[in-house]
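Engineer: Below is a structure I'd like to ask you about.
The values are calculated or read from the model by the stated rules, or taken from the named source; none is laboratory data. Fair warning: this is a prediction, and the values are worked out from it, not measured in the lab. Cβ placement follows ideal geometry from the backbone for every residue including glycine, while neighbour counts extend to all protein chains displayed. Ligands, DNA and RNA are excluded from the accessible area calculation, which covers all protein heavy atoms including side chains. Shrake-Rupley method; radii C 1.70, N 1.55, O 1.52, S 1.80 Å.
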Amino acid sequence: METSITRRDFLGTALLASGSALFAAMPPSELLAAQENDFTGYGGVGEYSNANGNTWDVLQAGHAIRDRLYDPLPAGIVDTGEIYDCVIIGGGISGLAGALFFQREAGPGMKCLILENHPIFGGEAKQNEFLVEGKQLLAHQGSAIYQVQYPHSFLAQFYESIGLQAPRLTYQKWVGSDPEFPLSNTPYEAVGLQHGQYGFWFGARFNQRPGMWLMDPLGKSLHGAPVSSATRLEWLRWLKGESAEKTKFQHPKVEGDATSRYLDSITLEQHYMERFGLSREMVRSFLSPVEGGGSGLGPDALSAYSDYAFEMLHPLPEGNGGSDQMFPGGNATIARLMMKSLIPGAIDGPHSVEGVCRNRVNFAALDIRRSPRENSPVIHRRPCRARWGSEQSQLSFDRVLKERQTISS
Ligand SMILES: Cc1cc2nc3c(=O)[nH]c(=O)nc-3n(C[C@H](O)[C@H](O)[C@H](O)COP(=O)(O)OP(=O)(O)OC[C@H]3O[C@@H](n4cnc5c(N)ncnc54)[C@H](O)[C@@H]3O)c2cc1C
């Protein structure tokens, strides 16, 4: 920790190497010639409006690293003399948690800096805000749900330490005079499927032009779907979660038991075929894009155990703290609680779930060195693309999230 490293060292080894390993080279001229288009899309209102996912600017910055635009570093890079005991690249929940542990463990007088290439912290755990008919609506970006942890466990204690005191949430109940419209608490549930508020769209691939909706597919037992009767039966079995007749499926009980080990020896696709009596074609046509999608791979590549591993980590039964929980903006709330724990002034108002949800981020508290850096026009005009290296200072992307004179203060 005492050895000096230059920005060039860091760029050369860590970031550029990984960047170029992942992507094939593409001439920077092509990248820079590309105009900002509708890639970024509408980001709503409020403090996340310019941070709706990996925006065009963030993408460009990543491509510029990949294409070694900063190798050699542009002229004019100067050493600002800033010294930190810990520098964290990325202000997602890992970076924020890292900074929190550093703050708690490293002792007084230690300084930590988080560098983040979006205009706001959170990484995948960000939200967006929309105004619809005068009402403010929140929606999550990537990370949506969290699980209630075992009481007294490390994670339960961590939740408490950031102010998540009641991890099992109480959800608003319908009190209107109209019939209740059942809604899922998280995007991973499909409550509407059981209540006729669900539809499947069949397009040109199913010879439907311009396309057709099949509403309430479960209630209609998929009648009217433009698929063969064999596919219809398989699909129904899947939707109802019914095992194939000849299958005697045993749910794994603990990690490492015989069922777990067997599941880990076959693909998820094979497992669906065995458990639900599905054809491979059915899995690939209807389930592949979704099942296992969170892992970035399809069922043909994933271990069958991946479908159960998650539950094995969180085996608390429903009703006893085991179910998924979600804030309106997803885990952005957890990122905000972490930030409030790191720098109490970072978000106005009380340190509570409601406090961090309802109040605004105080950006000046996140970047106490911001003013002296305003000489660099790219910081503010093209934050993601060019703060890198053009800030006349150092490795720096978009917003310096956290920089404290002393961690202990
Ligand atoms: C679509 C999707 C849905 C998910 N749903 C859930 C869920 O419901 N529940 C759940 O628990 N988990 C979910 N996850 C997983 C969860 O989001 C991640 O495990 C977690 O948020 C990762 O946090 P992280 O800080 O490690 O990475 P990230 O959230 O990716 O944060 C990394 C940050 O570093 C920044 N960064 C990267 N490179 C640089 C650089 N060179 N310089 C500066 N900044 C940089 C990135 O822009 C980003 O802001 C989901 C993930 C995805 C993609």
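Engineer: Does the stretch 63-104 come out rounded, prolate or oblate, given a ≥ b ≥ c as the square roots of the eigenvalues of its C-alpha gyration tensor, rounded meaning a/c under 1.5 and, failing that, prolate meaning a/b above b/c?
Structural biologist: Oblate, because a/c is 1.5 or more while a/b does not exceed b/c.
Engineer: Taking Lys246 as the anchor, which lysines have their alpha carbon closer than 29 Å to its alpha carbon, excluding any fewer than eight residues away along the same chain?
Structural biologist: The reachable lysines, counting only those whose Cα sits under 29 Å from Lys246, are Lys220.
Engineer: Here is a further query. Sort 323-334, 71-82, 216-227 by packing, meaning the average of other beta carbons within 10 Å per residue, with the highest value first.
Structural biologist: Highest-to-lowest ranking by the protection proxy: 323-334, 216-227, 71-82.
Engineer: So, one more: With θ set to phi - 60° and the Karplus curve 6.51 cos²θ - 1.76 cosθ + 1.60, what are the ³J(HN,Hα) couplings of the stretch 120-128 in order, to the nearest whole Hz, using x for Gly and Pro?
Structural biologist: Residue by residue, the stretch 120-128 yields 8, 6, x, x, 5, 8, 10, 10, 9 Hz.
Engineer: To continue, here is another question. Run the reach check for Lys126 against lysines, Cα to Cα strictly under 23 Å, same-chain hits fewer than 8 apart removed. What comes back?
Structural biologist: Hits, sequence-local ones excluded: Lys135, Lys340, Lys402.
Engineer: Sort the stretch 228-313 into rounded, prolate or oblate with this rule: let a ≥ b ≥ c be the square roots of the eigenvalues of the Cα gyration tensor; rounded if a/c is under 1.5, and if a/c is not under 1.5, prolate when a/b is larger than b/c, oblate otherwise.
Structural biologist: It comes out oblate by the Cα gyration axes.
Engineer: Rounded, prolate or oblate: which fits the stretch 183-254, taking a ≥ b ≥ c as square roots of the Cα gyration tensor eigenvalues, rounded meaning a/c under 1.5, else prolate when a/b beats b/c?
Structural biologist: oblate
Engineer: Note down the magnitude of the dipole of the stretch 228-313 about its Cα centre, charges +1 on Lys and Arg C-beta and -1 on Asp and Glu C-beta and zero elsewhere, to the nearest 20 debye.
Structural biologist: Dipole about the Cα centre, nearest 20: 260 debye.
Engineer: To make sure I understand the rule: partners must be lysines, Cα under 23 Å from the Cα of Lys253, and not fewer than 8 residues away in the same chain. Which ones qualify?
Structural biologist: The qualifying lysines are Lys240.
Engineer: I would also like to ask the following. Computing the accessible area with a 1.4 Å probe over protein heavy atoms, can you report the carbon and sulfur percentage for the stretch 228-313?
Structural biologist: Looking at the stretch 228-313 in its full context, I get 52 percent from C and S.
Engineer: May I pose another question? Under the Karplus relation 6.51 cos²θ - 1.76 cosθ + 1.60, θ = phi - 60°, what is the ordered set of whole-Hz ³J(HN,Hα) values for the stretch 262-270, x standing for Gly and Pro?
Structural biologist: Couplings: 5, 4, 6, 9, 10, 7, 4, 4, 4 Hz.
Engineer: Sorting check: for 343-350, 92-99, 120-127, which peptide has the highest mean count of neighbouring beta carbons within 10 Å, and how do the rest follow?
Structural biologist: The densest-packed peptide leads the list: 120-127, 92-99, 343-350.
Engineer: What dipole magnitude, in Debye to the nearest 20, does the stretch 56-203 give about its Cα centre under +1 on Lys/Arg Cβ and -1 on Asp/Glu Cβ?
Structural biologist: 260
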